[in-house]
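Inspection log for the structure reproduced underneath, given as structure tokens.
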């Protein structure tokens, strides 16, 4: 195409533009025709313009006219629409076209390729839980809805897009019913319980099919209506009812401890939080997931049920809060009494310990005093014995001295002769005479009165009468 002529799609004009260096022409007629039918060539009234621009009857003008006609015969863009001979490649109201899946975005949105470009398609009349909006949390079963759509429409799968009145939404997404063979995927999402019917005027071409599929899911308790799906509204209601029954069975005894009652109150508060969250959900926008699948009466009935459970929880919590306060006071009094009893016991134990220590000290002092007396007595006895020994030694010495100064005492008179007896055996020879006075004396002796006699050990003594103790010398 020569540099002096360019073609470009104009979404705002709704027609094909031919631009030259000096002028441009816009044909609303083409736009109207392109919006509703296949275009096979430009109107003949534009040929004079081409011939005027490039020169009539010249080879160049004839060639350029053919080129321009060929270009215009290739396609017309109306609100982004381009049509190619042999099949549509852009959306038209009430029309359809073939596409191939590029990517599943979430449970109700996917990217497809047609007309040589990738387009984002929002499925009509069905709303799946959110899973990809960065400004919103992932909604209940949002990931499951995305996975379901990805299983239904894998990358590269050929699909057919059918269009209603409005072709794009405010986010520039193409609005369509997506068919896999003859199966409407919009309805299959609802049939699995992973989407709810929605209607944004004027597009309602697929609404009845989606509503019918949704009724099946609700009847069979699938997806968002499955009590086994923890995040679903039925599951949350069932959890709340079950928790209420469990709380009734877990009610503490009247004499329960404050800790037991506190644990029970915490359990009630958790269920109150669940009830509050469910009431908040039920009070949300009823035109979007998950409430869009319920009637106003359904929502009102569920809300009434939750309010009733919440009221029971509130009443129970208030009653047991009072009992908790009473238990705290009771246990505080018991604890105070135990502290006082322990204090008295400690004081008694301390007094007993002190008395025991005093007794032990007294006993120790007594033992020490007795031991001292005993030691003193033993010392006195020792001194007395030593003194006595010294006296005895002195007396012995004096007796010896006195004995040396006096002559030896006469021998005691012999005993009277015994009566005649038979002749005795021959007597042994007489013992030799003692070498000192008193030697050989075997009678009673008084060593305290040193006398003139000495025993075999040289100790002085006084011979005495064994009965009268009178000295014999």
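Condition check: farther than 18 Å from residue 212 by Cβ and in contact with a strand residue (DSSP E or B) (Cβ under 6 Å, 6 or more places away or on another chain). Does residue 122 satisfy that?
yes
Condition check ((1) surrounded by fewer than 21 Cβ atoms within 10 Å (Cβ to Cβ); (2) out of contact with any strand residue (DSSP E or B) (no Cβ under 9 Å at 6 or more places or on another chain); (3) closer than 22 Å to residue 294 by Cβ; (4) without any contact (Cβ under 8 Å) to a residue 24 or more places away in the chain) across all residues:
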site: 93; (1), (2), (3), (4): yes, yes, no, no
site: 103; (1), (2), (3), (4): yes, no, no, no
site: 109; (1), (2), (3), (4): yes, no, no, no
site: 139; (1), (2), (3), (4): yes, yes, yes, no
site: 147; (1), (2), (3), (4): yes, no, no, yes
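On the basis of being out of contact with any helix residue (DSSP H, G or I) (no Cβ under 6 Å at 6 or more places or on another chain) and outside any helix (DSSP H, G or I), does residue 149 make the cut?
No; evaluated as a whole, the condition is false for this residue.
Could you tell me how many of the residues in segment 308-330 are under 18 Å from residue 259 (Cα atoms) and under 29 Å from the mean Cα position of the chain (by Cα)? It would help to see each step written out before you state the result.
Step one: list which residues in segment 308-330 are under 18 Å from residue 259 (Cα atoms), which gives 316-330.
This time we only want the ones that are under 29 Å from the mean Cα position of the chain (by Cα), so: 316-318, 320-321, 323-325, 327-328.
Residues that pass the stated criteria total 10.
Given the options 211, 266, 216, 238, name the one that is without any contact (Cβ under 8 Å) to a residue 40 or more places away in the chain and within 25 Å of the chain's Cα centre (by Cα).
Of 211, 266, 216, 238, the one residue that is without any contact (Cβ under 8 Å) to a residue 40 or more places away in the chain and within 25 Å of the chain's Cα centre (by Cα) is 266.
Kindly indicate whether residue 275 is surrounded by 12 or more Cβ atoms within 10 Å (Cβ to Cβ), touching a strand residue (DSSP E or B) at 6+ places or on another chain (Cβ under 6 Å) and assigned to a helix (DSSP H, G or I). Break it down stepwise before answering.
Numbers: surrounded by 12 or more Cβ atoms within 10 Å (Cβ to Cβ): yes; touching a strand residue (DSSP E or B) at 6+ places or on another chain (Cβ under 6 Å): no; assigned to a helix (DSSP H, G or I): yes.
Against the criterion (surrounded by 12 or more Cβ atoms within 10 Å (Cβ to Cβ), touching a strand residue (DSSP E or B) at 6+ places or on another chain (Cβ under 6 Å) and assigned to a helix (DSSP H, G or I)), residue 275 does not qualify.
Yes/no per residue for (1) modelled with pLDDT of 95 or more; (2) surrounded by fewer than 16 Cβ atoms within 10 Å (Cβ to Cβ); (3) part of a loop (DSSP other than H, G, I, E, B):
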{"site": "177", "(1), (2), (3)": "yes, no, no"}
{"site": "186", "(1), (2), (3)": "yes, no, no"}
{"site": "208", "(1), (2), (3)": "yes, yes, no"}
{"site": "212", "(1), (2), (3)": "yes, yes, no"}
{"site": "217", "(1), (2), (3)": "yes, no, no"}
{"site": "235", "(1), (2), (3)": "no, no, no"}
{"site": "238", "(1), (2), (3)": "no, yes, no"}
{"site": "245", "(1), (2), (3)": "no, yes, no"}
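Residue 387: surrounded by 10 or more Cβ atoms within 10 Å (Cβ to Cβ), under 28 Å from residue 452 (Cβ atoms), assigned by TED's automatic domain parsing to the domain that holds residue 255 and over 49 Å from the mean Cα position of the chain (by Cα), yes or no?
On the way: surrounded by 10 or more Cβ atoms within 10 Å (Cβ to Cβ): yes; under 28 Å from residue 452 (Cβ atoms): yes; assigned by TED's automatic domain parsing to the domain that holds residue 255: yes; over 49 Å from the mean Cα position of the chain (by Cα): yes.
Yes.
In segment 115-137, which residue that is touching a residue at least 60 places away in the same chain (Cβ under 8 Å) and part of a loop (DSSP other than H, G, I, E, B) is surrounded by the fewest Cβ atoms within 10 Å (Cβ to Cβ)?
Filtering segment 115-137 for residues touching a residue at least 60 places away in the same chain (Cβ under 8 Å) gives 123-130.
Applying the additional criterion that residues be part of a loop (DSSP other than H, G, I, E, B) yields 124-125, 128-130.
Working: 124: 28, 125: 27, 128: 28, 129: 25, 130: 20.
Checked segment 115-137; the qualifying residue surrounded by the fewest Cβ atoms within 10 Å (Cβ to Cβ) is 130.
Which residues, counting only those in segment 149-167, are touching a residue at least 60 places away in the same chain (Cβ under 8 Å) and surrounded by 15 or more Cβ atoms within 10 Å (Cβ to Cβ)?
Hits for segment 149-167 are 159, 160, 161, 162, 163, 164, 167.
The values are calculated or read from the model by the stated rules, or taken from the named source; none is laboratory data. Nothing here was measured: the structure is a model prediction, and the numbers come from that model. Ideal geometry is used to build each Cβ from the backbone, glycine not excepted, and the neighbour counts take in all protein chains shown.
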